[in-house]
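S.K.: Could you have a look at this structure, given as C-alpha cells, before my questions?
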C-alpha cells in the first residue's frame, strides 16, 4: 500500500516563496531589505485606503525617514491631485499609527495608471411620444440655431418618406447687406 504524500507545512509552499523569505531572514543585510520592503508595502496599503480607487496604482513608496514620506508618482497630473488630498492622507496615516507629517512627491513617468473602465453610455432610443414632443417644440421655436438643431434631430429619427422642414432656411433668415469695395 502506498503512503499518502507528505503534508505541507507553513514553512513551505508550492512555489517555495516561504523558503526564500526565510532564507532572506538569515542574512542581516537581506533581512534589512526584507523589513524595509514589508514596511513599504504596509505603508502603501495604508495610503491606498485614503485615496480614490482610480489613484491606487499610480504611486510607489520610495522612502520613509523621520517625519517625512517620499512617494514616486506616475504623472504631474497625479501629483497635482495628490497635493490636494495630501492633508487628508496625512491625517489618515497618523490615525492608523504612522508618524508622517510631510509627503514629498517625485514624478516618474514609467509608472502606469491602472486601467479604469469608462462607464457605459446610458442612452435610449427616442419613442413616438418623444418625437411628437420634439415636433411640437419645432413648431413653436423661432428661426435660429436651436430650431435648426431640433429639425435635424427630427429628420434623423423620421422614416425616409417624411420630410421635416427646418424652422429657418437661408431664404427666411435675414442677412446683413454686403458692402462693395471700390477700386
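The values are calculated or read from the model by the stated rules, or taken from the named source; none is laboratory data. Quick caveat: nothing in here was measured; it's all calculated off a predicted structure. Neighbour counts are summed over all protein chains in view; Cβ atoms, including those assigned to glycine, are modelled from backbone coordinates with ideal geometry.
S.K.: In the range 119-135, how many are loosely packed, with under 10 Cβ neighbours inside 10 Å and either touching a strand residue (DSSP E or B) at 6+ places or on another chain (Cβ under 9 Å) or in a helix (DSSP H, G or I) (or both)?
M.R.: Going through the range 119-135 one residue at a time, the tally reaches 2.
S.K.: State the number of residues belonging to the range 57-97 that are touching a strand residue (DSSP E or B) at 6+ places or on another chain (Cβ under 8 Å) and either assigned to a loop (DSSP other than H, G, I, E, B) or at positive phi (or both).
M.R.: 4
S.K.: Shifting gears a bit: Could you count how many residues in the range 100-112 are part of a loop (DSSP other than H, G, I, E, B) and either at pLDDT 90 or above or surrounded by 11 or more Cβ atoms within 10 Å (Cβ to Cβ) (or both)?
M.R.: 4
S.K.: Would you confirm whether any residue within the range 157-165 is in a helix (DSSP H, G or I), at pLDDT below 90, farther than 30 Å from residue 54 by Cβ and not assigned by TED's automatic domain parsing to the domain that holds residue 86?
M.R.: There is at least one residue in the range 157-165 that is in a helix (DSSP H, G or I), at pLDDT below 90, farther than 30 Å from residue 54 by Cβ and not assigned by TED's automatic domain parsing to the domain that holds residue 86.
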